[in-house]
Amino acid sequence: MEPLLSVRGLKTYFYLDEGTVKAVDGVDFDVFPGQIVGIVGESGCGKSVTIKSVLRLIQNPGRVVEGEILFRHQDEDGREKTIDLAQLDPHGKAIRSIRGAEIALIPQEPMASFSPVHTIGDQIMEAVLLHQDVSKEEARRISIERLHEVGMPNPEQRMKAYSWELSGGLRQRAMIAMSLACNPRLLIADEPTTAIDVTTQAQVLRLLLDLQEQHNMAVIFITHDLGVIAQIADFVVVMYLGRVMETGPVEDIFFHPQHPYTKALLESIPSIYAPAGERLPTIEGSIPHPFSRPSGCPFYPRCKAFMPGVCNTSTPQLKPINDRQAVSCFLYD
Amino acid sequence: MHSNDSYLLEVKHLKKYFPIREGFFRRVVGHVRAVDDVSFAIREGETLGLVGESGCGKTTTARTILRAIDPTAGQILFRTAQGDVVDLAALPEKDIRPLRRDMQMIFQDPFASLNPRMNILDIVGEPLLVIDGMKSRKQRMEKVAQLLELVGLRAEYMQRFPHAFSGGQRQRIVIARALALNPRLVVADEPVSALDVSVQAQVLNLMRDLQEKLGLTYLFVAHDLSVVKHFCDRINVMYVGKIAESGPTSEIFFRPRHPYTSALMSAVPIANPRLRKTITPLEGDVPSPANPPSGCYFHPRCPYATEVCARETPQLEEISPGHFVSCHRASELTLPGVARPEEQALAA
């Protein structure tokens, strides 16, 4: 099967007065049709910048400086053609016809993403009218149908509601309805459950899994929560300081992690099953400041398997170690 | 709950209602019942967790205990270092001040809780100056150096300003400040939720080491249930200003007796892809504490609710030693807790 999205050697840098922040510094991954890919990493690992680069939403002083973002675009007649999103003008017509239609985004903060002065109905209809050649009546019908699909009670009435009148969970549902308005083939969810409570989070995760199955969409799910990744992802991309450390199917990542960072990360989360009072294994130090990135492998200053003269001098590349997992670490060279 | 000599803190029927005012005359038209008749106790040296979803009143409870907010009603019985029991709820501000040294707080966001214009010496040394009256700067420097070493920071750093530190280091500074006056009760309000996973474990280990070393008692407010499971001896689960269930940690997690606790536990995303949820998530939203439902506040969302639940408010009752539940049907229900890997394996 051919991937729907294939990111190769992506580099996105931010040129600030104080220096250059290499937010994404060589990222490769694939997303296959119907697959849920989880991108997991701690703050500053570049997960959000990666997907903003895919959507070409990087704003000055940031720029996609290198790499390919190959997307299998489908035109009106259903013919498929691979286009490199990295080559498109970020403000051009081509990317705007894809963004919000074929590739949709569920942002992190639904409160900040809805306009407070327009009803949610108007905002969902706007997305429909922008990308589909339908009448206003038809757009309204589609919007209500989408709201119904995401489990919004009384969708006809809620069309007239403002985002601030809804609870956190319903607001996130409305956001999901809007992102589905144009039947995307790739849905990108950027920490969609971070700002909400655990029972609501369970509702939203269940909804996303159901919708993914019904629409057979591909989903990129971004989170820092390994618990959420374990519950939702088929395939996992582990990032640290702008680079991919390890990729693999979710079971392999959780039960046979290979990269020292993946191992340490999994060990440091408190387990519900551990006996009370046990000390947690920790990762020494903290995430370096973006201006003082270590040379070589970005993880070496905190790595237990650090090899002096190797890890701090050259940068390991992401290489397959078996037919499922790929790791960027000199231990596997 | 009855009095016991070993309790450091005993909270009885604590209430905090915030008035809702409307119109030109700011008439009170209703109340937000943020904390609504909460009773619990903490033994010396113990860690009690306060969990619940946003708006359940856990932070208000914690702040009311410290008298950062004045309670509407109830008692907050605190055992002083001399062994006397005082009711913090009834004391005037000037009589609380000397007790402040015994009760300290660790805040959630280490980026907001440190003054960017003060260096670490002044931040950590401020309570020494204000409460202890330690006028000599040299003395304060010595004490701050000790405190920084205690929390795993280097004493040379004391001249630096907060911006020079990472989130985990800042939280260590916040902890050092809280420990400056040798408190006995430390209220930690979401102390690790703003930190990255890899740093979170360091801070949790530090807090545990300090507890052992200094005999601290923690009231630990958090919403991350795996952190709470790891850290707390006992847990109070709150829902819309009331305690739904209270008991030893492993009982709350694996043998919950309240339907809300059970729903909460089954919603915890577990970092194990073989434990994908088969349980249907809880429907609906948390009700507003300004306009709570009748009877048991949980009944509109509760899959086990009967007609009595809509009518009568359940009381917190001891169902087994040290395990309290506020549910009409607690004794007849068998509820699932967090799934265990072996149970899942059997089911599969």
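The values are calculated or read from the model by the stated rules, or taken from the named source; none is laboratory data. Since the model is a prediction, treat every value here as computed from it, not as a measurement. Methodologically, a virtual Cβ is constructed for each residue, glycine included, from the backbone with ideal geometry; neighbour enumeration extends over all protein chains shown.
Report yes if some residue within the stretch A:233-250 is more than 8 Å from every other protein chain (Cβ to nearest Cβ), in contact with a Lys or Arg (Cβ under 7 Å, 6 or more places away or on another chain) and assigned to a helix (DSSP H, G or I); otherwise report no. No, the conditions are met nowhere in the stretch A:233-250.
Among the residues of the stretch A:168-210, the one identified as part of a loop (DSSP other than H, G, I, E, B), among the acidic types (Asp, Glu) and either away from chain B (no Cβ under 14 Å) or touching a residue at least 40 places away in the same chain (Cβ under 8 Å) (or both) is A:GLU191. One residue stands out among those in the stretch B:182-203 that are among the polar types (S, T, N, Q) and part of a loop (DSSP other than H, G, I, E, B): the one that is nearest to B:LEU48 (Cα to Cα), which is B:SER193. Among residues of the stretch A:270-297 that are under 23 Å from A:GLY46 (Cβ atoms), those with a beta-carbon under 6 Å from a residue that is among the β-branched types (Val, Ile, Thr) and assigned to a loop (DSSP other than H, G, I, E, B) at least six positions away or on a different chain give the pairs A:GLY296/A:THR313; A:GLY296/A:THR315.
Is it the case, given these coordinates, that B:ALA194 is closer than 19 Å to B:PHE107 by Cβ, surrounded by 24 or more Cβ atoms within 10 Å (Cβ to Cβ) and either within 14 Å of another protein chain (Cβ to nearest Cβ) or not aromatic (Phe, Trp, Tyr) (or both)?
no
Taking the stretch B:86-112, which residues are of a type in the set (Val, Ile, Thr) and crowded, with 18+ Cβ neighbours inside 10 Å? Lay out the reasoning, then the answer.
Within the stretch B:86-112, the first condition is being of a type in the set (Val, Ile, Thr), and the residues that meet it are B:86, B:96, B:106.
Residue satisfying the conditions is B:ILE106 alone.
If you go through the stretch A:255-271 and keep only what is at pLDDT 90 or above and either aliphatic (A, V, I, L, M) or under 16 Å from A:ALA326 (Cβ atoms) (or both), you end up with A:HIS256, A:PRO257, A:GLN258, A:HIS259, A:PRO260, A:TYR261, A:THR262, A:LYS263, A:ALA264, A:LEU265, A:LEU266. Here the condition is being over 30 Å from B:MET265 (Cα atoms) and either buried (at least 22 other Cβ atoms within 10 Å of the Cβ) or of a type outside the set (A, V, I, L, M, F, W, C) (or both); of A:PRO155, A:PRO192, it holds for A:PRO155 alone. Selection within the stretch B:219-237: residues that are more than 11 Å from B:VAL325 (Cα to Cα) and assigned to a strand (DSSP E or B). The member of this set that is farthest from the chain's Cα centre (by Cα) is B:ARG234.
Within the stretch B:305-316, the residues that satisfy the criterion of being out of contact with any His (no Cβ under 8 Å at 6 or more places or on another chain) and surrounded by 14 or more Cβ atoms within 10 Å (Cβ to Cβ) are B:THR313, B:LEU316.
Hey, any hits in the stretch B:253-272 for a residue that's surrounded by fewer than 16 Cβ atoms within 10 Å (Cβ to Cβ) and of a type in the set (Gly, Ala, Ser)? No.
Check whether at least one residue in the stretch B:164-176 is assigned to a loop (DSSP other than H, G, I, E, B) and within 12 Å of chain A (Cβ to nearest Cβ), and report yes or no.
yes
Scanning the stretch B:289-310 for residues that are within 17 Å of B:ILE243 (Cα to Cα), more than 26 Å from the chain's Cα centre (by Cα) and among the charged types (D, E, K, R) returns no hits. Does B:ARG140 satisfy the condition of being within 20 Å of the chain's Cα centre (by Cα), assigned to a helix (DSSP H, G or I) and not small (Gly, Ala, Ser)? So B:ARG140 fails the test.
Kindly indicate whether B:ILE76 is in contact with a Ser or Thr (Cβ under 8 Å, 6 or more places away or on another chain) and not basic (Lys, Arg). Against the criterion (in contact with a Ser or Thr (Cβ under 8 Å, 6 or more places away or on another chain) and not basic (Lys, Arg)), B:ILE76 qualifies.
Considering A:GLU278, A:GLU213, A:GLU267, the condition of being within 14 Å of chain B (Cβ to nearest Cβ), in contact with a Pro (Cβ under 7 Å, 6 or more places away or on another chain) and farther than 14 Å from A:ILE39 by Cα is satisfied by A:GLU267 alone. Inside the stretch B:273-286, residues that are more than 10 Å from chain A (Cβ to nearest Cβ) and crowded, with 18+ Cβ neighbours inside 10 Å make up a count of 0. Going by the structure shown, is A:ARG324 in contact with an Asp or Glu (Cβ under 6 Å, 6 or more places away or on another chain), within 13 Å of chain B (Cβ to nearest Cβ) and surrounded by 12 or more Cβ atoms within 10 Å (Cβ to Cβ)? Criteria not met by A:ARG324.
Of the listed requirements (1) within 13 Å of chain A (Cβ to nearest Cβ); (2) free of Cβ contacts under 8 Å to residues at least 60 places away in the same chain; (3) within 21 Å of the chain's Cα centre (by Cα), B:PRO248 misses just one: (2). In the stretch B:26-55, of all residues being of a type in the set (A, V, I, L, M, F, W, C) and without any contact (Cβ under 8 Å) to a residue 12 or more places away in the chain, the one that is farthest from B:VAL286 (Cα to Cα) corresponds to B:VAL28. Being part of a helix (DSSP H, G or I), within 22 Å of B:GLU283 (Cα to Cα), aliphatic (A, V, I, L, M) and touching a residue at least 12 places away in the same chain (Cβ under 8 Å) is a condition met by at least one residue of the stretch A:140-158.
For the stretch A:1-39, a residue qualifies if it is among the charged types (D, E, K, R) and part of a strand (DSSP E or B), and the qualifying residues are A:ARG8, A:LYS11, A:LYS22, A:ASP25, A:ASP28, A:ASP30. Of the residues making up the stretch A:200-222, those that are within 30 Å of B:GLY52 (Cβ to Cβ), buried (at least 24 other Cβ atoms within 10 Å of the Cβ) and under 15 Å from the mean Cα position of the chain (by Cα) number 2.
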